[in-house]
1. Can you find a residue that is over 22 Å from the mean Cα position of the chain (by Cα), surrounded by 14 or more Cβ atoms within 10 Å (Cβ to Cβ) and within 18 Å of Ile66 (Cα to Cα) anywhere in segment 194-217?
2. With the condition being charged (D, E, K, R), I'd like the strands (runs of 3 or more DSSP E) fully within segment 150-240 carrying at least 2 qualifying residues.
3. Among the numbered criteria (1) within 21 Å of Ser73 (Cβ to Cβ); (2) of a type outside the set (A, V, I, L, M); (3) surrounded by 15 or more Cβ atoms within 10 Å (Cβ to Cβ), which one does Trp182 miss?
4. Output yes when any residue across segment 154-171 is of a type in the set (Gly, Ala, Ser), within 19 Å of the chain's Cα centre (by Cα), surrounded by 18 or more Cβ atoms within 10 Å (Cβ to Cβ) and closer than 30 Å to Glu240 by Cβ, and no when none is.
5. Can you report the number of residues in segment 89-128 which are modelled with pLDDT of 95 or more, of a type in the set (Ser, Thr, Tyr) and under 17 Å from Arg65 (Cα atoms)?
6. Going through segment 30-62 one residue at a time, which ones are hydroxyl-bearing (Ser, Thr, Tyr) and within 19 Å of the chain's Cα centre (by Cα)?
7. State which residue is surrounded by the most Cβ atoms within 10 Å (Cβ to Cβ) when the search covers only segment 57-90 and only residues that are more than 20 Å from Leu46 (Cα to Cα) and of a type in the set (D, E, K, R).
8. Could you please tell me which pairs satisfy a Cβ distance under 7 Å, a separation of 6+ or placement on different chains, a first residue in segment 61-90 that is of a type in the set (D, E, K, R), and a second residue that is loosely packed, with under 14 Cβ neighbours inside 10 Å and outside any strand (DSSP E or B)?
Amino acid sequence: MNLRYSLFFLAITFCSVVSLHGQFDKIENLKEDDSKRIRFGYYLGLNAVGAKVDYLPTNYGTSFRISVKPKPSFDVGLLADYRINEFLNIRFHPGVAFVEREIRFPFSEKDPSFTKALIERIVKSNYVRFPVAIKLNTRRIRNARPFVMGSVSYNINITSEETNSEDNSSGTFRMKRDVYAWEFAVGTDVYLPYFKFTTSVHGFFALSNEIVPDENINSAYTRYISSMKSRGIFLRFTFE
């Protein structure tokens, strides 16, 4: 999970530098910008998404644990922002997140039942995302305005293998298509001469169980997994 902390540190540092730059700029840019009722824009971002896995007790006295490591990926999207008042906005920011995870099962390659390809996998998930957010702003400080934002989202995993008849026994890690989640973000809007630039860090927390159990209820791969829910961090750059 070091990647998450690295992204978080990078984002906080970047946000702080941009915020300070905006505060010390003597010229106040885009003075009438916040009076607009509706705004549109787009964003680009990086992400690291792993998973929180819950387990069932085993019958042989030792615990069963899989390793889920996030790999750096990216996401893109659009946004529509509706201003309620000076401190409150409602934001719709749909997009596509390309997610990669390295999953390792706790089996030995010396066991003839398992090959390396079955033990170690790279699982790719492409999520079409539909988050709706409430954005709470501070007062504008010259050319900077920090904010916090909470979202609920519906996500469609378009690369889901949910309906595939093949499962882990043949190397197919199946995840559900529909994912519900909540998200929390902190960031800073910076008013530049011609547009508003925003850096933000988003935490992603799936609410629904995403794993599809193998057809065999006694499968060595999924028998002791109770649930698997995505957890991730997004570093986002927004242009309005």
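1. The answer is yes; a qualifying residue exists.
2. Values: elements: 178-191, 196-206, 225-239.
Hits in segment 150-240: 178-191, 225-239.
3. Of (1) within 21 Å of Ser73 (Cβ to Cβ); (2) of a type outside the set (A, V, I, L, M); (3) surrounded by 15 or more Cβ atoms within 10 Å (Cβ to Cβ), only one is false for Trp182: (3).
4. Looking through segment 154-171, none of the residues is of a type in the set (Gly, Ala, Ser), within 19 Å of the chain's Cα centre (by Cα), surrounded by 18 or more Cβ atoms within 10 Å (Cβ to Cβ) and closer than 30 Å to Glu240 by Cβ.
5. 0
6. Answer for segment 30-62, where residues must be hydroxyl-bearing (Ser, Thr, Tyr) and within 19 Å of the chain's Cα centre (by Cα): Tyr42, Tyr43.
7. The residue in question is Asp81.
8. Pairs found: Arg65/Pro106; Arg83/Lys36; Arg83/Arg37.
The values are calculated or read from the model by the stated rules, or taken from the named source; none is laboratory data. Note that the structure is predicted; figures quoted are calculated from it, not measured. Here Cβ is always computed from backbone atoms with ideal geometry, including for glycine, and neighbour counts include all displayed protein chains.
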